[in-house]
Amino acid sequence: MLSVRTLVSLILFSSSICLGQAQQAPAPAQATPTPGQPSLPTTIPPGPPIVRDDLTPEQKEVMKEVDRLRAEKALLDAKIALADAKRTEELVPVNSEVLRLNSERALRMAKAAAEAAALEDERVRLERQASLEAARANARLAEKNNKIKELEAEAKQLQLESSNTVTRLNNDINRFQKEEEARKIAANAKPQYLKDPLVNGTLIISDRRIPLNGAITDQLAEFVCQRINFYNNQSTEFPIFLVVDSSPGGSVSAGYQIQKAMVASKAPVYVVVKAYAASMTAVIATLAERSFCYPNSIILHHQVSSNLKGNMTVLKEQMEFTTIWFERMATPVAKKMGITLQEFVKKMYENDSTGDWQAFGEKAQQLKWIDQVVERMEETAVLDILSAPPAPAVLPARAGQEATFGISSQVDDKGRTIFTLPALANPFDAWWIYDPHGLYRAL
């Protein structure tokens, strides 16, 4: 066994030899000493060259051992190099095979990607073609449906025209039959046209008559004004009769149109009230050039009412317009009575707590609401049993019946027949209608 001292000398000697061989290599980096620990030298400083002849036998033995170890190391290095060469040689075909397999895999993946892209393009093309075909089919189907609808519409039109023709022919046949019956009933009778229709207390009404029944709407006003113009164009010599069976009033704007048409008429327009006239209709009767009624006919005046809705500003504006309407329409009535508008309103509530001032014929004549009360009225235009000109529904109407001039009827949950008024066309219009039972509903 070598002593420790001998081994240290051998190490120093070997290190000096290694340093002599590695003088050209760069110096290794100095390790940074850990704080608190003493720094140790990382390299052995070179000493003077060793001469073997100067070595002691013990050192020579060490040198021999070093040479032997170097030889063994060289042999081991050679064996390792040979093993590496053999391993490298053995791995060449394996690496070649791996490279080949990777190349084939990459080629197959590229080919698969190309085929997938081609399939996706084909799918998109087929979907686009299918969508286009579907659109064309839908267009053809829509065209056929439109054609069918056109043919159905034509068929319905032809059927309607045929039905109208049959109805017209049946009506003509019925009319001819009724005319023949009417000729037998009134062979020599003719309408009587008198400039003064009141004869010995009897009011003679000719066929120059216009029915004014139900609620006054824009449609009814248009009908009345057209008839006034028609009779004026026919003759301006004889009076036109505006006959009221029952009317609760209606639209202020529509009633104003009727009143102005009466004023503009060259032929005198007389109002005849058979049952009752209220609100706007009462104003028309009172302001007519001449008016007639039965003793038990009822005339009713009251203030304008309106279904107000909206914010405070809108409500104020609606109140202002409603007030203006009432002043414009009721002031002439008060003037004819010989009182002011304020007195007129005061008397309304003095005579009825609700403000609905109503009077029978004689009292209405005293109040100057009606000019003359008559006991008899003779309708000389009723010479046959043919249907009369279109007129609005008069209370009571049949449930579900579509009344003329925009008023429809239906039964409410209490079993009452109620009437739906059309929407007011004039935004500044108001309803002036007497409806104590709530039978009229405004849209």
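Quick look at the values:
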read-out: Cα-only radius of gyration and Dmax that characterise segment 65-185, units Å; value: 50.3, 167
read-out: Under 16 Å from the Cα of Lys335 - lysines, other chains or at least 8 residues apart; value: Lys346, Lys347, Lys368
read-out: Ordering of 356-365, 157-166, 260-269 by burial proxy (mean other Cβ atoms within 10 Å per residue, highest first); value: 356-365, 260-269, 157-166
read-out: Extension gain, Asp84 back to Glu362 (0.36 nm per residue minus Cα-Cα distance, nm); value: 85.8 nm
read-out: Additional length obtainable on full extension of the chain from Thr236 to Asp121, 0.36 nm per residue less Cα span; value: 32.6 nm
read-out: Förster radius 56 Å - calculated FRET efficiency between Met337 and Asn174 (Cβ-Cβ, nearest 0.05); value: 0.70
read-out: Dipole of segment 181-289, positive direction: furthest Cα of Ile284, Thr202, Gln219, with charges on the beta-carbon; value: Thr202
read-out: Full-extension gain in nm, Thr167 to Arg136, via 0.36 nm per residue minus C-alpha separation; value: 6.6 nm
read-out: Diffusion coefficient, µm² s⁻¹, Stokes-Einstein with Kirkwood Rh over alpha-carbon pairs of segment 256-314 at 20 °C and 1.002 mPa s; value: 162 µm²/s
read-out: Computed E for Ala264/Ser353 - FRET, C-beta separation, R0 51 angstrom, nearest 0.05; value: 0.85
read-out: Estimated distance in nm for a label pair at Asn102 and Asp67, the labels positioned 7 Å out from Cα along Cα-to-Cβ; value: 5.0 nm
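Readers should treat all values here as calculations from the given coordinates under stated rules, not as data from a laboratory. None of the values given here were measured: they were computed from a predicted structure. No Cβ is skipped: glycine too gets one built from the backbone with ideal geometry, and neighbour counts run over all protein chains shown.
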